[in-house]
Amino acid sequence: MEKSIPSISESEWEIMNVLWDKTPRTASDIISSLQESSNWKPKTIRTLLDRLVQKDVVGVNKNLRVYTFYPLYTQEECQRAETESFINRIYGGTLKSMLVQFIQEDTLSDDDINELRFMLNKKPEK
């Protein structure tokens, strides 16, 4: 049985993106990276990192003099879990409803629609 991926907040996604970009990283590395793109204080970043460790989304290597952090899930696994959660919450678990809305709202270009058709035609049957 596959274990479910805990829900990740928008702020926690920022931490995860830093870890997916390069891993493992120290807390100082993560703080430096995020301070370049946000106005978060180091304590805020450490709190978010601690939450991710508590949720078992991020692991900690305590064998070194300085703790290093690494993701326990791939970016693709987290994206898939977030997508499923979104579709369940907003569209009642029906992907078709979401696609119909996008197509009806004209938010998809003709190129986008053609690409979707290509992918659907290429998709193997279950």
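The values are calculated or read from the model by the stated rules, or taken from the named source; none is laboratory data. Source: prediction; values computed, not measured. Backbone-built Cβ (ideal geometry, glycine too); neighbour counts: all protein chains shown. The protein model used for the area step is the full one, side chains on, heavy atoms only, and it has no ligands, DNA or RNA in it. Shrake-Rupley method; radii C 1.70, N 1.55, O 1.52, S 1.80 Å.
Ordered from highest to lowest accessible area with the whole protein assembly present and a 1.4 Å probe, Met16, Met98 read as Met98, Met16. Sites listed here are trypsin sites (Lys or Arg not before Pro) in region 48-102 whose DSSP assignment is loop and whose Cβ has at most 12 other Cβ atoms within 10 Å: Lys62, Arg65. When only C-alpha pairs under 8 Å and at least 6 residues apart count, what is the relative contact order of the chain, in percent? Result for the chain is 23 percent.
Could you give the longest part of the chain that holds none of the GluC sites (Glu not before Pro) found in DSSP loops with at most 15 neighbouring Cβ atoms within 10 Å? Counting only loop sites that pass the neighbour cut-off, the longest clear stretch is 3-104. Taking each residue as 0.36 nm, the span from Gln35 to Thr74 lengthens on full extension beyond its C-alpha to C-alpha distance by 11.7 nm.
Can you tell me how region 22-126 classifies by the Cα gyration tensor, rounded, prolate or oblate, using a/c under 1.5 as the rounded cut?
It is prolate, given that a/c is not under 1.5 and a/b is the larger ratio.
Once the Cβ-Cβ distance of Val100 and Ser28 is raised to the sixth power relative to R0 = 41 Å, the FRET efficiency obtained is 0.30.
Using a Gaussian network model of the chain in which every pair of alpha carbons under 10 angstrom is joined by a spring, one finds that among Asn114, Asn63, Asn17 the greatest mean-square fluctuation is at Asn114.
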